[in-house]
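Below is one structure; the comments refer to it alone.
The values are calculated or read from the model by the stated rules, or taken from the named source; none is laboratory data. Just so it is clear, the structure is predicted and the values come from calculations on it, not from any experiment. In this analysis, Cβ positions are derived from the backbone assuming ideal geometry, glycine residues included, and neighbour counts consider all displayed protein chains. Heads up: the accessible areas ignore ligands, DNA and RNA and are worked out on the full protein's heavy atoms, side chains in. Shrake-Rupley method; radii C 1.70, N 1.55, O 1.52, S 1.80 Å.
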Amino acid sequence: MSDDTGLTCPARGATAPAAPIRPASPSGFRRYERTVTIGYGADTWAAAGDAVVRWEVKRRSGFSVIPADGGGLRVREGGRYTITAGPGRFTVREPVEVVAVVETGDRCGFAYGTRRGHPVSGEEAFIVHRDGDGRVLLTLRSLTRAAPAGPW
């Protein structure tokens, strides 16, 4: 599946970063979701929210994230980025586009979809949210399958 913007992911926002419970997944995609508690209180909430919208989950996992459309590092819907991983000639470049952003009083995060040239087809979401007891959580969601074309 591909659209005129070069996206190879399922319908925009299929990982539903604004929703506490993700809806049914498109067929043919592998679904993943994991939620962990990362701390408690307003300070943790503020720091985690700021970090997630600046790609810190990917960057602290060893990836580089570079705006590919002249924009800044902070996520914005429609923003295009190149995620890179690996040393030297073994570097993998992953073109992506932010397809959904959520920033409310208790939920902050985004989802990106893969673009042509990415080794997989799908969407990944990073969501920081908090509950009524002050617990701050991080949820990762993804939908993936083999890319429709390419050397992979």
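Express in nm, to one decimal, how much length is gained between Glu77 and Arg89 on full extension, taking 0.36 nm for each residue of separation and deducting their alpha carbon distance.
Values: separation 12, 0.36 × 12 = 4.32 nm, distance 3.11 nm.
Fully extending the segment from Glu77 to Arg89 adds 1.2 nm.
Could you work out how far helix 41-52 tilts from the main Cα principal axis of the chain, as a 0 to 90 degree angle to the nearest 10?
10
If Lys and Arg each add +1 and Asp and Glu each add -1, what is the summed charge of the other residues whose beta carbon sits under 9 Å from the beta carbon of His118? Kindly include the intermediate steps, with their values, before the conclusion.
Numbers: positive: Arg93, Arg115, Arg116; negative: Glu94.
Summing Lys/Arg as +1 and Asp/Glu as -1 gives +2.
Set Lys and Arg Cβ to +1 and Asp and Glu Cβ to -1, take the dipole of segment 30-71 about its Cα centre, and tell me which of Tyr32, Pro67, Val57 lies farthest positive.
The one lying farthest along the dipole's positive direction is Tyr32.
At Arg116 and Ala47, where each label point lies 7 Å from the Cα along Cα→Cβ, what is the point-to-point distance in nanometres?
Going by the 7 Å Cα→Cβ label model, 4.3 nm.
Compute, for segment 82-148, the length of the dipole vector about the Cα centre, with Cβ point charges of +1 (Lys, Arg) and -1 (Asp, Glu) only. Units Debye, rounded to 20.
Magnitude of the dipole: close to 360 debye.
If each of Leu137 and Ser64 carries a label point 7 Å out from its Cα toward its Cβ, how far apart are those two points in nm?
Once both label points are built, they end up 3.6 nm from each other.
From the Cα gyration tensor of segment 1-110, with a ≥ b ≥ c the square roots of its eigenvalues, which class applies: rounded if a/c is under 1.5, or else prolate if a/b is larger than b/c, or else oblate? Display every interim value, and only then the final one.
On the way: a/c = 1.59, a/b = 1.16, b/c = 1.38.
It comes out oblate by the Cα gyration axes.
Volume per residue, Å³, of the convex hull around the alpha-carbon atoms of segment 12-53?
Convex hull volume per residue, Cα atoms: 99 Å³.
Placing unit charges on C-beta atoms (Lys and Arg positive, Asp and Glu negative, everything else neutral), compute the dipole magnitude of the chain about its Cα centre in debye, rounded to 20. It would help to have the intermediate numbers written out before the result.
Working: 21 positive and 16 negative charges, 99 e Å.
Here the chain has a charge dipole of around 480 debye.
Taking the chain as a Gaussian network, where each spring joins two C-alpha atoms under 10 Å apart, which residue of Pro95, Pro119, Pro26 fluctuates the most?
Pro26
Counting only other residues whose beta carbon sits under 15 Å from that of Glu103, what net charge do I get with K and R as +1, D and E as -1?
Working: positive: Arg54, Arg74, Arg76, Arg107, Arg130; negative: Asp50, Glu77, Asp106.
So the surrounding residues net to +2.
So which residue, out of Val128, Val92, Val120, gets the largest mean-square fluctuation from a GNM of the chain using Cα contacts under 10 Å as springs?
Among Val128, Val92, Val120, the largest GNM mean-square fluctuation belongs to Val92.
For a quick check, take a GNM of the chain with Cα springs below 10 Å and name the residue from Phe90, Phe29, Phe126 with the largest mean-square fluctuation.
Between Phe90, Phe29, Phe126, it is Phe90 that shows the largest mean-square fluctuation.
What accessible area per residue, rounded to a whole number of Å², is obtained for segment 9-145 using a probe radius of 1.4 Å? Intermediate results must be reported in sequence, preceding the final value.
Working: 6790 Å² over 137 residues.
That works out to 50 Å² for each residue.
Distance between Cα centroids, segment 19-67 to segment 106-137: provide it in whole Å.
Cα centroid of segment 19-67 versus Cα centroid of segment 106-137: 4 Å apart.
Tell me the carbon and sulfur percent of the accessible area for segment 33-152, rounded to whole percent, probe radius 1.4 Å.
On the way: 3010 of 5980 Å².
On segment 33-152, the fraction of accessible area on carbon and sulfur atoms equals 50 percent.
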